[in-house]
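Please treat every number below as a calculation from the coordinates, not as lab data. Computed from a predicted model, the values in this text were never measured in an experiment. With ideal geometry, Cβ positions are generated from the backbone for all residues, glycine too; neighbour counts draw on all protein chains shown.
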Amino acid sequence: DTEVTQTPKHLVMGMTNKKSLKCEQHMGHRAMYWYKQKAKKPPELMFVYSYEKLSINESVPSRFSPECPNSSLLNLHLHALQPEDSALYLCASSPGTGIPYEQYFGPGTRLTVT
Amino acid sequence: AQKITQTQPGMFVQEKEAVTLDCTYDTSDQSYGLFWYKQPSSGEMIFLIYQGSYDEQNATEGRYSLNFQKARKSANLVISASQLGDSAMYFCAMREDTNSGYALNFGKGTSLLVTP
């Protein structure tokens, strides 16, 4: 099983809503990532979890709150988002965080903030 | 400074022809890794091929090969025998030792369209 799953596939939320994005992998990978991708741009790293601990936070606003409940699951909690946060949110995992480890990406959640 | 440069915003290729997508990179590290990903319109990023900085042979994976020229700091992707399903955005990316291998630095991407 080389699959990373993400739910929901699409999400529309108002600026006062609270919602969560979910990511799951069953490959035994020890590193998981959240990326944000705007249209026609490359993905931008948001967070890295290594062995279920937050390793990297790329100066992401606090309205985005990541959580790693266990080694297979990664959540991104959303609160009081702005319209400019509308984007494709990609989750990825890799066996480790070293140089040669490719990241396996999920299909993404297309988020629209109204 | 731009770490990864992809100079071709868009490319066309006819089905069954080969195509080369350019990628140059900038690093002062001795140890680094170069990756190519494909992103169809559906959004999922699909890993294609990896080249390590110490690898002496060019990486190959099926119809994909990586033309690695270390002195020129280039890592071009060659797709042989293009298929209609190859139409997608292609990203070159690099991982450096100084980043402890965490971050993938992506280029801006090249949009490839394969025509019948």
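On a C-alpha basis, how far is the centre of the stretch B:1-70 from the centre of the stretch A:22-79 in Å? Whole number, if you could? Here the answer is 24 Å between Cα centres. Rg and Dmax of chain B, based on Cα coordinates, read 13.7, 44 Å.
Peptide A:37-44 has a mean of 5 when you count, residue by residue, the C-beta atoms of other protein chains within 10 Å of its C-beta. Rg and Dmax, both from the Cα atoms of chain A and both in Å, are 13.3, 41.
Here, the stretch A:47-106 has an Rg and a Dmax of 12.5, 37 Å when only alpha carbons are counted.
Using the alpha carbon gyration tensor of the stretch B:65-104, what are the three equivalent-ellipsoid semi-axes (square root of 5 times each eigenvalue), largest first, in whole Å?
Working: eigenvalues 128, 46, 8 Å².
Equivalent-ellipsoid dimensions as semi-axes: 25, 15, 6 Å.
Each principal axis of the Cα cloud of the protein assembly as shown was taken in turn, and the coordinate range along them, longest first, works out to 50, 40, 37 Å.
Partner shielding of B:87-95 amounts to 2, given as the average count of beta-carbon atoms from other chains within 10 Å of each residue beta-carbon.
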